[in-house]
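The values are calculated or read from the model by the stated rules, or taken from the named source; none is laboratory data. Small disclaimer: the values here were computed from a predicted structure and weren't measured. Heads up, the Cβs are rebuilt from the backbone with ideal geometry, glycines too, and the neighbour counts pull from every protein chain shown. The accessibility values were calculated without ligands, DNA or RNA, using every heavy atom of the protein model including side chains. Shrake-Rupley method; radii C 1.70, N 1.55, O 1.52, S 1.80 Å.
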Amino acid sequence: MATLLLLPGDGIGPEVCAQVRRVAQVLTPELTIEEKPYGGTSYDQHGTPLTDETRDAALAADAVLMGAVGGPQWANAPRHLRPEAGLLGLRKAMQVFANLRPAYCFDALADASSLKRDRVAGLDIMFVRELTGGVYFGEPRGIEDLGNGQKRGVDTQVYTTGEIERVARVAFELARGRSNRVASAEKSNVMESGLLWRQVVTALHAAEYADVELEHILADNCAMQLVRAPKQFDVIVTDNLFGDILSDAAAMLTGSLGMLPSAALGAPGKPGLYEPIHGSAPDIAGQGVANPLAAILSFEMALRWSLGQTAKADRLLAAVKAALDGGARTKDLGGFLTTHAMGDAVIARL
Ligand code: IPM
Ligand code: MG
């Protein structure tokens, strides 16, 4: 029997994960759900955002679904014990190098976007963000005291051929099941790692994926095109930092950050890490008004990508669409439903 590890974490994480639990009880009663402390909450209880026990449970599960990590109360914790360090540590431990971040616009929400309806209606982009390399993990890093009243902060952007190739492969494979187009975003005009990125993607494309349409795009231009004419994109593959930034911009096109799920995948057969991309939203935490759909849709991705339950994933996606078509809206979507009531709206359509 499959096991889902829930890591509710901080801020609105526990509230949205509670709705995932309710949905799972209806849709997949056979699924075993475990729960472990994580993030700032774990730091408060155990002195670390990621205990060995939580990490081991994640590696042993079939899929891991987290709510969110972080909040102002941990701003002064040492960097390696901050909630975000727990997230990066978990990504690294699970070796989930490919982060799938879909940005699709539900028709019922096209008017909630900050762009005009005709620019976003029918939008369906899949970001493939490299997740375990680049400047997030590169060495050396640190802040050094230069002794003359000055300090020097260093981060290192670094990629190897293998790291680029494996994530580009995921993008090409995904594109084949979609509109067969990949845009690869980097800054090869100024960065060595960007130049290598372009070379490796070009070589892999020529060797194995010549049937897929490939476009190289500079990351800054990609940002501009995303808000100018986002529907030109199908799959966008990019590095860890550009992927972080570009996927946030794309998320807003869809109406609300509260809508978008993500999946972080590693080698086939290894557990995936699923998370709503909205973060912990400390400003509304504990009020019961957060939109649980990003978390529920992250569960949908887990069913699809880790749990081998495509039919149930389809059912869940249809239920979310039907709830939105029926007018179900949380505050972020201009409505008044509570987190729990939005959960009800989805469950009613299951
Ligand atoms: C994300 C978040 C994380 C990141 C933070 C919380 C470390 O912004 O998942 O996009 O930068 O990767
Ligand atoms: Mg981010």
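Below are the figures for this structure:
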item: Hits in region 151-176 (condition: open to solvent by less than 70 Å² (accessible area, probe 1.4 Å) and farther than 20 Å from MET191 by Cα); result: VAL170, ALA171, PHE172, LEU174, ALA175
item: Enumeration of residues in region 245-255 that are within 13 Å of ligand 1 (Cβ to nearest atom) and polar (S, T, N, Q); result: SER247
item: Verdict on GLU300 being among the charged types (D, E, K, R), at pLDDT 95 or above and within 13 Å of ligand 1 (Cβ to nearest atom); result: no
item: Strands (runs of 3 or more DSSP E) wholly inside region 1-84 that include at least 1 residues being open to solvent by 10 Å² or more (accessible area, probe 1.4 Å); result: 3-9, 32-35
item: Long-range neighbours under 9 Å by Cβ, at least six apart or interchain, first residue in the same structural domain as ALA57 (by TED's automatic domain parsing) within region 80-91, second assigned to a helix (DSSP H, G or I) and near ligand 1 (Cβ under 8 Å from one of its atoms); result: LEU88/TYR136; ARG91/TYR136
item: Pair list, Cβ < 8 Å and 6+ apart or interchain, from region 233-244 residues that are farther than 21 Å from THR161 by Cβ and within 13 Å of ligand 1 (Cβ to nearest atom) to residues that are modelled with pLDDT of 95 or more and in a strand (DSSP E or B); result: ASP244/ARG129
item: Of all residues in region 239-290 being among the β-branched types (Val, Ile, Thr) and either under 10 Å from the mean Cα position of the chain (by Cα) or open to solvent by 10 Å² or more (accessible area, probe 1.4 Å) (or both), the one that is farthest from ligand 2 (Cβ to nearest atom); result: VAL289
item: Qualifying strands (runs of 3 or more DSSP E) (wholly inside region 142-214; at least 2 residues being acidic (Asp, Glu)); result: 142-145
item: In region 180-192, residue surrounded by the fewest Cβ atoms within 10 Å (Cβ to Cβ) [restricted to those that are of a type outside the set (Lys, Arg) and touching a strand residue (DSSP E or B) at 6+ places or on another chain (Cβ under 8 Å)]; result: ASN189
item: Region 12-37, residues that are under 18 Å from PRO72 (Cβ atoms) and under 17 Å from the mean Cα position of the chain (by Cα); result: ILE12, GLY13
item: Flag for GLY258 being over 14 Å from PRO102 (Cα atoms), more than 13 Å from ligand 1 (Cβ to nearest atom) and in contact (Cβ under 8 Å) with a residue 60 or more places away in the chain; result: no
item: Near pairs, Cβ below 7 angstrom, 6+ apart or cross-chain, from region 125-146 (outside the structural domain of ALA264 (by TED's automatic domain parsing)) to any residue that is within 15 Å of ligand 2 (Cβ to nearest atom) and of a type in the set (Lys, Arg); result: PHE127/ARG101; ARG129/ARG101; LEU131/ARG91; THR132/ARG91
item: Search result, residues across region 91-137 that are basic (Lys, Arg), assigned to a strand (DSSP E or B) and open to solvent by 10 Å² or more (accessible area, probe 1.4 Å); result: ARG101
item: Verdict on ALA24 being modelled with pLDDT of 95 or more and within 26 Å of LEU260 (Cβ to Cβ); result: yes
item: Test set (1) open to solvent by 10 Å² or more (accessible area, probe 1.4 Å); (2) within 13 Å of ligand 1 (Cβ to nearest atom); (3) not in a helix (DSSP H, G or I) - LEU307 fails condition number; result: (2)
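The rows are residues; the columns are (1) aliphatic (A, V, I, L, M); (2) touching a Cys at 6+ places or on another chain (Cβ under 8 Å); (3) under 17 Å from ARG21 (Cα atoms).
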| residue | (1), (2), (3) |
| --- | --- |
| LEU241 | yes, no, no |
| LEU260 | yes, no, no |
| LEU316 | yes, no, yes |
| ALA322 | yes, no, no |
| THR339 | no, no, yes |
| ALA345 | yes, no, yes |
